[in-house]
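Asks: Questions regarding the structure given below will be posed in turn.
The values are calculated or read from the model by the stated rules, or taken from the named source; none is laboratory data. On a predicted model such as this, the values are computed, not experimentally measured, just so you know. No Cβ is skipped: glycine too gets one built from the backbone with ideal geometry, and neighbour counts run over all protein chains shown.
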Amino acid sequence: MQHDAIIVGGSYAGMAAALQILRARRSVLIIDAGLRRNRFASHSFGFLGQDGADPARIAKAASEQLKAYPTLTWIEGTAERASGVKDAFVVTTTDGRRHEGRRLLFAIGVVDELPAIEGLAERWGKSVFHCPYCHGYELDRGRIGVIATGPASLHHAQLIPEWGEVTFLVNGALTLERAAHEDLAARGVAVEETPIARLDGHSDVLLADGRRLSFAGLFTATRNAPATPIATSLDCEIEETPFGTQIRTDSMKETSIPGAFACGDASRVPHSVSLAVGDGAWAGATLHRSLVF
Ligand SMILES: Cc1cc2nc3c(=O)[nH]c(=O)nc-3n(C[C@H](O)[C@H](O)[C@H](O)COP(=O)(O)OP(=O)(O)OC[C@H]3O[C@@H](n4cnc5c(N)ncnc54)[C@H](O)[C@@H]3O)c2cc1C
């Protein structure tokens, strides 16, 4: 069977796109590996009407609504390779099965490259975050550590004083010029140059000289890349962003390969559930129109 659309990635962006296409009574195959980017967090903030909800429950409610549409097929699995051209795409899953579609949509999300600091990975999404709009409010204007990962972290350190009293933990990731020091001082940011030895407790930072700094929470700017190489297997162009790389799309969310679209974190910055849903809804509508006109 040839589907009107194959959507790789059945999270917020992919499901928002699918909803538009299904409501036009077109057939959609969603292939989803179930590894949402926010699976490390127990609460999702800032999505209208769902503020503070369990992110898994938001996704589950959406998938239950989608599955009521008779033209949806949902496969739990991983898409390994995409090939073909507009009107005749083929997606192969890791179990060796071939799936045919007239259009493709990559809603595959991104991976977060975390700084290699002992104790950080297990605190990711619990007391270490990247987005202050998502997780800043709950720190209740307490002490916040911003762990640098590179030059872009200066922007993080300048922004986050909106949410609390900031210490910028440079950790050898960048060199601060005098102007940067002055700017940070004017914002009330303390700069800590001593390297980090490891994280401990809820969100304590142990420095190489033995000092322990306690915080209400930590932020760090991760580098991102599309979560899996499926779009690259079709030769879709990848572009640089201030935060890493993403699938290049035009204003209609079409990639460099005609008939193949991309949406959500994998093809836009900045990132949030709201923005992924909005981007997905738009991609679903433009993909559908490409089947009509
Ligand atoms: C720790 C953390 C906390 C966050 N908290 C918030 C918050 O509070 N509020 C907020 O708005 N945002 C938050 N975010 C951001 C939010 O998670 C993302 O913006 C959102 O998940 C993007 O949705 P998406 O659909 O584009 O991608 P994702 O949700 O990452 O979903 C991508 C899907 O594609 C699947 N996939 C990828 N490749 C393949 C393949 N080859 N085959 C099959 N399936 C594939 C994945 O398994 C996954 O299910 C948080 C992020 C992190 C890391």
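Asks: Could you please find all residues in the range 107-122 being within 28 Å of residue 54 (Cβ to Cβ), more than 8 Å from the ligand (Cβ to nearest atom) and either in contact with a Leu (Cβ under 6 Å, 6 or more places away or on another chain) or of a type outside the set (D, E, K, R) (or both)?
Replies: Within the range 107-122, 111, 114, 115, 117, 119, 120, 121 qualify.
Asks: Can we say residue 214 is assigned by TED's automatic domain parsing to the domain that holds residue 103 and either out of contact with any Gly (no Cβ under 9 Å at 6 or more places or on another chain) or of a type in the set (S, T, N, Q) (or both)?
Replies: No, not satisfied.
Asks: Given 198, 178, which one is out of contact with any Asp or Glu (no Cβ under 9 Å at 6 or more places or on another chain) and farther than 30 Å from residue 281 by Cα?
Replies: After applying the criteria, what remains is 178.
Asks: Let me ask something additional. Can you tell me how many residues within the range 10-47 are within 11 Å of residue 63 (Cβ to Cβ), within 6 Å of the ligand (Cβ to nearest atom) and part of a helix (DSSP H, G or I)?
Replies: Residues meeting the conditions: 2.
Asks: Looking only at the range 4-28, count how many residues are out of contact with any Asp or Glu (no Cβ under 7 Å at 6 or more places or on another chain), surrounded by fewer than 23 Cβ atoms within 10 Å (Cβ to Cβ) and touching a residue at least 60 places away in the same chain (Cβ under 8 Å).
Replies: 4
Asks: Against the definition (among the β-branched types (Val, Ile, Thr), assigned to a loop (DSSP other than H, G, I, E, B) and surrounded by 13 or more Cβ atoms within 10 Å (Cβ to Cβ)), how does residue 175 come out, yes or no?
Replies: Against the criterion (among the β-branched types (Val, Ile, Thr), assigned to a loop (DSSP other than H, G, I, E, B) and surrounded by 13 or more Cβ atoms within 10 Å (Cβ to Cβ)), residue 175 does not qualify.
Asks: While we're looking at this one, here's another question. Check residue 197 against each of (1) over 30 Å from residue 52 (Cβ atoms); (2) surrounded by fewer than 19 Cβ atoms within 10 Å (Cβ to Cβ); (3) in contact with a helix residue (DSSP H, G or I) (Cβ under 9 Å, 6 or more places away or on another chain) and name the one condition it does not meet.
Replies: Status for residue 197: all satisfied but (3).
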